[in-house]
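The values are calculated or read from the model by the stated rules, or taken from the named source; none is laboratory data. In this text the structure is predicted, and so the values were computed from the model without any measurement. All Cβ positions, even for glycine, are placed from backbone atoms using ideal geometry, and neighbour counts span all protein chains on display. Only protein heavy atoms, including side chains, enter the accessible area calculation; ligands, DNA and RNA are left aside. Shrake-Rupley method; radii C 1.70, N 1.55, O 1.52, S 1.80 Å.
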Amino acid sequence: MERIRCAWGDSAPEYVVYHDEEWGTELHGDDALFERLCLEAFQSGLSWLTILRKRPAFRAAFAGFSIDAVAAFTAEDEARLLADAGIVRNRAKIAAAVRNARAAQQVPEGLDALLWSFAPSAPRPRPATLADVPATSPESTAMARELKRRGFAFVGPTTAYALMQATGMVDDHVATCFRVTGGATP
């Protein structure tokens with residue numbers, strides 16, 4: 001029997017795996033969430049499929065997205081990254097990843113606790129179609145504002161909301177999707 005997915009989840013083989021196994025699944029851990037924050041920033045203006053296809057190269061180039069390792073990157077490391085055809089070579093986004101690692105080191109409660117503090121606590125209506133899925137929310141706007149206040153870059157409300165979706169802080173699987181968890185009202 002064919003699984004019914006969110007419409008985008010069937011559009012490429014990489015999307016099928018990502019949709020079925022990752023997107024909307026709770027993710028914890030400072031380094032794991034740092035990776036997602038960085039990848040969402042790199043995705044800005046591009047297709048998420050581009051980022052998924054380049055993710056192994058990103059992981060290699062950014063030391064597995066270890067916050068401490070990336071925070072220690074030098075100007076030479078940034079030049080190396082700009083020359084790496086396996087990743088998105090955008091100077092501002094590369095600099096933001098390094099800056100964000102340094103900012104993450106300064107979060108006393110840890111990046112995981114900070115990001116998850118913005119997850120909505122009340123059930124939300126489940127989107128019936130992709131057209132019903134928002135691009136931002138009051139929580140993502142608040143998250144972006146707080147991250148910027150703490151020195152993070154490339155973290156607007158849309159990027160923050162995409163992070164929330166990807167890491168299970170919100171569940172935007174449409175009502176007909178096999179991944180529906182029942183955590184939101186139909």
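The criterion of being touching a residue at least 12 places away in the same chain (Cβ under 8 Å), open to solvent by 50 Å² or more (accessible area, probe 1.4 Å) and under 13 Å from residue 155 (Cα atoms) holds for residue 92.
Just give me the residues in the stretch 154-167 being hydroxyl-bearing (Ser, Thr, Tyr), touching a helix residue (DSSP H, G or I) at 6+ places or on another chain (Cβ under 6 Å) and within 13 Å of residue 141 (Cα to Cα), in sequence order.
Here is the first cut: in the stretch 154-167, the residues hydroxyl-bearing (Ser, Thr, Tyr) are 158-159, 161, 167.
When the remaining residues are screened for being touching a helix residue (DSSP H, G or I) at 6+ places or on another chain (Cβ under 6 Å), the result is 159, 161, 167.
Once the filter is applied, which keeps residues that are hydroxyl-bearing (Ser, Thr, Tyr), touching a helix residue (DSSP H, G or I) at 6+ places or on another chain (Cβ under 6 Å) and within 13 Å of residue 141 (Cα to Cα), the stretch 154-167 yields 159, 161.
Answer with yes or no whether residue 122 is surrounded by 13 or more Cβ atoms within 10 Å (Cβ to Cβ), out of contact with any Leu (no Cβ under 9 Å at 6 or more places or on another chain) and without any contact (Cβ under 8 Å) to a residue 60 or more places away in the chain.
On the way: surrounded by 13 or more Cβ atoms within 10 Å (Cβ to Cβ): no; out of contact with any Leu (no Cβ under 9 Å at 6 or more places or on another chain): yes; without any contact (Cβ under 8 Å) to a residue 60 or more places away in the chain: yes.
The answer is no for residue 122.
Identify, from the list 170, 98, the residue that is within 24 Å of residue 3 (Cα to Cα), buried (at least 18 other Cβ atoms within 10 Å of the Cβ), at pLDDT 95 or above and in contact with a helix residue (DSSP H, G or I) (Cβ under 9 Å, 6 or more places away or on another chain). Even if it seems obvious, please write down each step before you answer.
Details: 98 fails: within 24 Å of residue 3 (Cα to Cα).
Residue meeting the stated conditions: 170.
Picking from residues in the stretch 55-91 that are in contact with a helix residue (DSSP H, G or I) (Cβ under 7 Å, 6 or more places away or on another chain) and of a type in the set (Gly, Ala, Ser), the one that is nearest to residue 15 (Cα to Cα) is 86. The residues listed here are 21, 26; of these, the one that is without any contact (Cβ under 8 Å) to a residue 12 or more places away in the chain and under 23 Å from residue 119 (Cβ atoms) is 21. Considered as a group, the residues in the stretch 1-18 that are part of a helix (DSSP H, G or I) and touching a residue at least 40 places away in the same chain (Cβ under 8 Å) include one that is surrounded by the most Cβ atoms within 10 Å (Cβ to Cβ), and that residue is 9. Taking the condition acidic (Asp, Glu) and surrounded by fewer than 18 Cβ atoms within 10 Å (Cβ to Cβ), does residue 139 pass? Here the answer is no, as residue 139 does not meet what is asked.
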